[in-house]
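See structure below.
The values are calculated or read from the model by the stated rules, or taken from the named source; none is laboratory data. Predicted model, so just to flag it, every value in this text is computed and none were measured. Here Cβ is always computed from backbone atoms with ideal geometry, including for glycine, and neighbour counts include all displayed protein chains. The protein model used for the area step is the full one, side chains on, heavy atoms only, and it has no ligands, DNA or RNA in it. Shrake-Rupley method; radii C 1.70, N 1.55, O 1.52, S 1.80 Å.
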Amino acid sequence: MRECFAKAEKDPGASIVNQTDHATRLKWLHGQLTKGAYPAVDDITEEFDLCPASAYRDLDFLKYILKAPLQYDYDKGGYFYTEKYKLPKISTTEGELVGMLLLDQLRRSYEETDMGSLIEHALELLTTKMDSQVTIDRESMDQVLQVEIEPFPQIDLKVFQDLLLAIKNNESIIIKYFSGQKAVVVEKPCDPYHLLNFKDNWYLVAFCHEKQDFRDFLCSRIMSVERTNTTFLPDPDFSLAEHKKDSQLFAAEAPQVEIVAEFDKYAAHWIRLKTVHPSQQVVERSDGSLEVSFKVSSTENIVRWILSFGEHARILAPLELQERVRRTISRMNYLYNRF
């Protein structure tokens, strides 16, 4: 790996050239295998001035994506074909193939949602031109590429489309909205202005008729959209940038809360593997446990996050958040012991 970094520093353009010549490297490798030359990783690195990691990636690409009958001969110290194999025509770059594989991982993560069908359609469009050239075995690629994607709030696709149409046509609407504070569904007549993605959530920025002011509605809480067939005249003085400055949701100067949590020896391992928050401070303890602190503007998702560790973690501060977790656990205990 150090050798790879050394080459990159010596020739900043080397990685770009190597990626561009991906098809050339595969053709050369195929030629060596076809004539029984038993090419090894060292042969690939010397021929194309690559680091070993790139050479292994080419071999994995040939075996797992192009489905070549590739095996390693320990006696001869090189690779060989176990049967006759014809290299398919490759007109897609390595970067495009990786992009397709990432899109496929995204499709799997959201296949039970409305978004899943849209992602599936996009993947089909991308792979159409490759059907006669390369067949990708997605199950085999799981051995090479895995992507962990956090679940995102469920959004009704029809609601999303109705909002887009209303914004495009400047049409006033009535949304059925689940109020988190009141825990009831309320009707909100409004004039929709923008759909905005903020911290992995979609928000509708709209002028609320009831409040006579601009409000931000979480799209995952919008149950339905009722059309009114009435157009509105957008406020010429409205500025999304200014709204974000004034909005409590988007305002950068929103007061921050310091979260302090402790994790036992078992859970500490997972905290060390992944950064919890850019502002985090970690204190290691002699018994293998640790304490992590960080500052956030909203504690909306903290309870769910800390509970995901079960008995291996707990909130130390603030006390108000600790009490929320305690009440949640108490309600859970009641639910599981009522029968």
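A few remarks follow.
- Verdict on Val276 being farther than 29 Å from Arg215 by Cβ and open to solvent by less than 100 Å² (accessible area, probe 1.4 Å): yes
- Of the residues Ser298, Ser308, the single one that is under 30 Å from Asp213 (Cα atoms), of a type in the set (Gly, Ala, Ser), under 26 Å from the mean Cα position of the chain (by Cα) and open to solvent by 60 Å² or more (accessible area, probe 1.4 Å) is Ser298.
- Unmet criterion (only one of (1) modelled with pLDDT under 90; (2) surrounded by 13 or more Cβ atoms within 10 Å (Cβ to Cβ)) for Pro255: (2)
- Restricting attention to the stretch 34-62 and to residues that are under 18 Å from Ala23 (Cα atoms) and without any contact (Cβ under 8 Å) to a residue 24 or more places away in the chain, the residue that is most open to solvent (accessible area, probe 1.4 Å) turns out to be Glu46.
- Positions within the stretch 254-282 being over 23 Å from the mean Cα position of the chain (by Cα), β-branched (Val, Ile, Thr) and over 23 Å from Arg326 (Cβ atoms), in sequence order: Val282
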